[in-house]
1. Which one, V53, L68, L19, is farthest towards the positive end of the dipole of the chain when Lys and Arg carry +1 and Asp and Glu -1 on their Cβ?
2. Relative contact order of the chain: what whole-number percent is it, with Cα pairs under 8 angstrom and at least 6 residues apart?
3. Quick check on packing: order 44-56, 12-24, 62-74 by the mean number of other C-beta atoms within 10 Å, highest mean leading.
4. Can you work out the Karplus-derived ³J(HN,Hα) for every residue in region 40-55? Use 6.51 cos²θ - 1.76 cosθ + 1.60 with θ = phi - 60°, whole Hz, and x for glycine or proline.
5. How many percent of Cα pairs in the chain exceed 19 Å?
6. Taking K and R as +1 and D and E as -1, what net charge do the other residues with C-beta under 14 Å from the C-beta of A18 add up to?
7. With each pseudo-label sitting 7 Å past Cα toward Cβ, what's the D28-W72 distance in nm, one decimal?
8. Using the Karplus curve 6.51 cos²θ - 1.76 cosθ + 1.60 with θ = phi - 60°, what ³J(HN,Hα) values do you get for each residue of region 69-74, in whole Hz, with x for Gly and Pro?
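Since every read-out is calculated from the coordinates, none of them should be taken as a lab result. Everything numeric here is computed off the predicted structure, so don't read it as measured data. Here Cβ is always computed from backbone atoms with ideal geometry, including for glycine, and neighbour counts include all displayed protein chains.
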Amino acid sequence: MSAGWKVFWLSLAVFGAALGADRLLVPDIVPTAFAEKPQPGWAVQLAFLLRTVELMTAVVAILALILLLGTWARDQLRRGAL
């Protein structure tokens, strides 16, 4: 397995863990300080942290997939298969 695939699958695993922790620990908390009803400060901060981890790992997974597909297409073009 190449390093690119390892990065892709690892970031998907971290994304899934952060998403699961978000749903399990702070299910009804909006990760902004301005909500319609009062929310505990620790829950807002935790929801913000988990949402940040989710978004960062999603971007890493998307970029890794784009790079992997680009290298695959380049290899196919060099072989004359495309």
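1. Looking along the dipole axis, the top candidate is L68.
2. Averaging sequence separation for qualifying contacts and normalising by length gives 44 percent for the chain.
3. On the way: 44-56: 16.4, 12-24: 14.6, 62-74: 12.8.
Order by mean packing, descending: 44-56, 12-24, 62-74.
4. Along region 40-55, the couplings run x, x, 5, 6, 5, 5, 5, 5, 5, 4, 5, 5, 5, 5, 4, 5 Hz.
5. More than 19 Å apart: 53 percent of the Cα pairs in the chain.
6. Numbers: positive: R23, R51; negative: D22, E54.
Around A18, the charge tally is 0.
7. With each label point 7 Å from Cα toward Cβ, the separation is 4.3 nm.
8. Listing the rounded values in order: 5, x, 5, 5, 5, 4 Hz.
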